[in-house]
Amino acid sequence: MKTVNHWIGGKTVEGASGNYGPVTDPATGEVTTQVALASADEVDSAVAVAKEAFLTWGQSSLAARTKVLFAYRALLDANRDAIADLIVAEHGKVHSDALGEVARGMEIVELACGITVQLKGELSTSVSSRVDVSSIRQPIGVVAGITPFNFPAMVPMWMFPLAVACGNTFILKPSEKDPSASTLLAQLASEAGLPAGVLNVVHGDKVAVDALLAHPGIAAVSFVGSTPIARHIHTTASANGKRVQALGGAKNHMLVLPDADLDAAADAAVSAAYGSAGERCMAISAVVAVGAIGDTLVEKIRERAEKIKIGPGNDPLSEMGPLITAAHRDKVASYVTGAAAQGADVVLDGTGYTVEGNEKGHWIGLSLLDNVKTDSDAYRDEIFGPVLCVLRAETYEEGVALINASPFGNGTAIFTRDGGAARRFQLEIEAGMVGVNVPIPVPVGYHSFGGWKDSLFGDHHIYGNDGIHFYTRGKVVTTRWPDPSDAPGGVDLGFPRNH
């Protein structure tokens, strides 16, 4: 059986704890790999390596860093399919979706290649007689990233390229459910010329996470995952004196107004709700139909959903793959089987779906629930599976109030032809990312990603300018050089003045 070990100090390091976790092919249900689970001592060893590497990498030139990043980008491009194959084998998503994940991660590498512009700093000359003031940003040290199973390549690339471009060293703790893609990303970075110890991958479970959160050698922690864990990460790491950005869960809404193109809205709802089997924090999981369009919209969504082909991710004909584990599949199914008792109309029930020849895979079909109540489990919880809830609202104002009442504020979208309504929605909606006739408003790499309310803990969104600020700290330098004609002025005990 294949074993995934740690990557520390620019080389493979075998697990020393003796503990291993199973990695399953979701399409077959078979355990294909085992992954080493790090102990606290192994985490400590990785931090020591990263601290040593920071002494030189943190002082390296921007030219040296960007040279590595440009080479890294080229290697990622050449190995797109290899990375995607690992994602398909361990996560289960279809190959085209995995390739899209790699491409979106590479956007942040491209942003990191231009770090020279982002770290230019500021200078004010002659703020007083022969006094200049400059502001600069410097790296903070060893930083850690804890990433989820649903995007095993993209989310790590949201973090470490910017962190190392800013001069930090990085320890990645990826999900133990699909660890191989992260290891390959680190190996390619080493091949690109990244010095040993700058990027390290430590596999593990809660033991490794807790060790990172408590370790005094870690300066900052980035996290993407569920809201309960994000809250724990933020509370624990902050209590240990670390800078934290912790992105939590979501319940993303799509508001459809009566004037919207309903065919376009239905296409968008199916794509955003069921793509990647619904296992993404930006999935549209709740459609709010305004006015009399509800029945028509639901029927259009149903027609499209019934045509989606579900199968193994390595089958070119498959449009949606299995869920990550059998336990997760069963949990997702429970929201559908219990929906009718909580007042919903079950338009599509995908809980009995299976794939011939792969009956032990973690399969579930597409489910569509109509007239969902806001106090039902299917609405309140982040299901993280291919289940779309439809709610009804009589007016735009009622729909916005419904969305804003949600404890989550990650992403949301409006579908309308009315520019005035769209403008109001942008300003009135309480969410960090908004789409106008765009169902999944994930920002491009040079804008930051992040939500509001229970979808984000910490002050910084991820990547973009916020990411660069998170991985650096500001310093202001005030300088006075004596002019050759100056005579000694004696001692002045007064408060420094600018004029």
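The values are calculated or read from the model by the stated rules, or taken from the named source; none is laboratory data. Since this is a predicted model, take the numbers as computed values, not measurements. Because the Cβ atoms are built from the backbone with ideal geometry, glycine has one as well, and the counts that use them run over all protein chains shown. The protein model used for the area step is the full one, side chains on, heavy atoms only, and it has no ligands, DNA or RNA in it. Shrake-Rupley method; radii C 1.70, N 1.55, O 1.52, S 1.80 Å.
Solvent-accessible area of the chain (1.4 angstrom probe, protein heavy atoms only): carbon and sulfur portion equals 52 percent. Loop-located GluC sites (Glu not before Pro) in the range 289-349 (DSSP state not H, G, I, E or B) with no more than 14 neighbouring Cβ atoms inside 10 Å: E306.
The residues of the chain present an accessible area of 42 Å² per residue when probed at 1.4 Å with all protein chains retained.
Using a Förster radius of 30 Å, what is the FRET efficiency between D41 and R231 based on their Cβ-Cβ separation? Nearest 0.05, please. The formula returns an efficiency of 0.60 here. Of all lysines in the structure, those lying under 20 Å Cα to Cα from K309, and not within fewer than 8 positions of it along the same chain, are K93, K300, K360.
In this label model, A214 and Y446 are separated by 4.4 nm, measuring between points 7 Å along each Cα→Cβ vector. In the frame of its principal axes, the range 95-224 has Cα extents of 62, 36, 26 Å, reported largest first. Between beta-carbons, use under 12 Å as the cut-off and find the net charge around Q342, counting Lys and Arg +1, Asp and Glu -1. Local charge sum for Q342: -2. Report, as a whole number in µm² per second, the diffusion coefficient that Stokes-Einstein gives for the range 63-110 at 37 °C and 0.692 mPa s using the Kirkwood radius over alpha carbon pairs. It diffuses with D of about 293 µm²/s by this estimate. Working note: Cα gyration tensor of the range 288-424, eigenvalues times five, square-rooted, sorted largest first, giving semi-axes of 29, 17, 14 Å.
Considering the zone a paramagnetic label at S96 would reach in this model (a point 7 Å from Cα along the Cα-to-Cβ line), which residues of the range 319-352 have amide N under 13 Å from it? Answer for the range 319-352: 319-321.
In the frame of its principal axes, the range 337-384 has Cα extents of 39, 20, 14 Å, reported largest first. Under the Kirkwood approximation applied to all pairs of distinct alpha-carbon atoms, what is the hydrodynamic radius of the range 1-105 in Å? 16.4 Å is the Kirkwood radius here. Estimated at 0.36 nm per residue, the fully extended path between D483 and V438 surpasses their Cα-Cα distance by 10.2 nm. When the expected Rg is taken as 2.2 N^0.38 Å, what fraction or multiple of it is the alpha-carbon Rg of the range 362-472? That ratio works out to 1.20.
Expressed in Å, the radius of gyration and Dmax of the Cα atoms of the range 187-246 are 13.3, 38. In terms of overall dimensions, the range 415-499 has a Cα radius of gyration and Dmax of 24.1, 72 angstrom.
On full extension, the segment bounded by S238 and R497 gains 89.6 nm, given 0.36 nm per residue less the C-alpha separation. Counting only DSSP H runs of at least 4 residues, each contributing -39500 (n - 2.57), and dividing by the residue count of the chain, the helix-based mean residue ellipticity at 222 nm comes to -11000 deg cm²/dmol. Within the straight-line cut-off of under 25 Å between alpha carbons, the lysines reachable from K67 are K11, K51, K120, sequence neighbours fewer than 8 places apart in one chain being disregarded. For I146, the shell of other residues with beta-carbons less than 15 Å away shows a net charge of +2, using +1 for Lys and Arg and -1 for Asp and Glu.
Rg over Rh for the range 209-282 works out to 1.24, using Cα positions for both radii and the Kirkwood form for Rh.
Between V131 and D381, the FRET efficiency estimated from the beta carbon spacing at R0 = 56 angstrom works out to 0.45.
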